[in-house]
Structure formats: C-alpha cells, structure tokens
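The values are calculated or read from the model by the stated rules, or taken from the named source; none is laboratory data. All values derive from a computational prediction rather than experimental measurement. Positions of Cβ are generated from backbone atoms using ideal geometry, with glycine treated the same way; all protein chains shown enter the neighbour counts.
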C-alpha cells in the first residue's frame, strides 16, 4: 500500500469510525492495508480499552426515550458515562436512541440479552459493540443502565 492509498484509507475509516488518525494508521499498517482486517484490529483494541475503563466511576449519563408512532409502545433507558461532556455529545445521544429503538422492536428480557443482540439497523454489529465504540472514541467508561419497555 503506497502512502497515498494509506492516507485515503485513514480518511475513510476516520469518517466511518470516528477514531484517531494515528490509531487507524497503525491498524492499517498492522493489517497490511486491508481495511476489513484493520476494522477487526480496532474493534479488538476497543474491547481492551473498554475492559480497562470498566472500573472507573460513572457520575453522568442521559435518560433516553422512544415512543412508537402508534403510541402503543414506549421505551425509557439510562445510558451512563463519566462526564456531562460525553452525555451531551450527539453520537452518544444517537447510540442511546438506537438502543431504545432496539428495545422497542425486540423486547429483550434483561441487559445481558440486549447487549448480545444483533443491532436491527446493522446485523453485523451487536448492541455491546455500539457501546464499546463509544468507549473507544471518548475514552470513558460507558455502560447501559436500567431500561423499561411499555406496551398498551
């Protein structure tokens, strides 16, 4: 992979994943320019980061809600993090909304079941991966709190 191709791949993955350029460059070099392998490397590193941060105290977060257009199904959940800065970030909020949508559509019985589910908008990603992606991006401990689904 020449320098120009490397730069283009880094730019593409940066937009797609929202991670740091040097982290992406390192993964691409480790994967010999293969973007799919680089994504897998970054995913594994993200899980390692999440494990290291899991013990850090959570003092902030956001309550998310979703109501189906029929008004017959609603969801409320907590997405927790370390700082208000992250809790007010658009990407954090978007992930929370997507998890609400997942709960409304799939009606998981508990947190473990929800985290293991394939994301309805992209079956190649699990709900746990959405949260780990936020941990990797923001460098904070982020986890799912309580959630409830209501149906009339």
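Every listed requirement among (1) within 17 Å of residue 39 (Cβ to Cβ); (2) assigned to a strand (DSSP E or B) is met by residue 130 save one, (2).
For segment 54-75, residues that are farther than 23 Å from residue 138 by Cβ and either in contact (Cβ under 8 Å) with a residue 60 or more places away in the chain or touching a helix residue (DSSP H, G or I) at 6+ places or on another chain (Cβ under 9 Å) (or both) total 7.
Restricting attention to segment 102-120, the residues that are touching a strand residue (DSSP E or B) at 6+ places or on another chain (Cβ under 7 Å), surrounded by fewer than 17 Cβ atoms within 10 Å (Cβ to Cβ) and at negative phi total 3. Restricted to segment 35-61, and to residues there that are more than 15 Å from the chain's Cα centre (by Cα) and either assigned to a helix (DSSP H, G or I) or modelled with pLDDT of 85 or more (or both), the residue that is nearest to residue 97 (Cα to Cα) is 60. Scanning segment 65-93 for residues that are assigned to a helix (DSSP H, G or I) and under 16 Å from the mean Cα position of the chain (by Cα) yields a count of 6.
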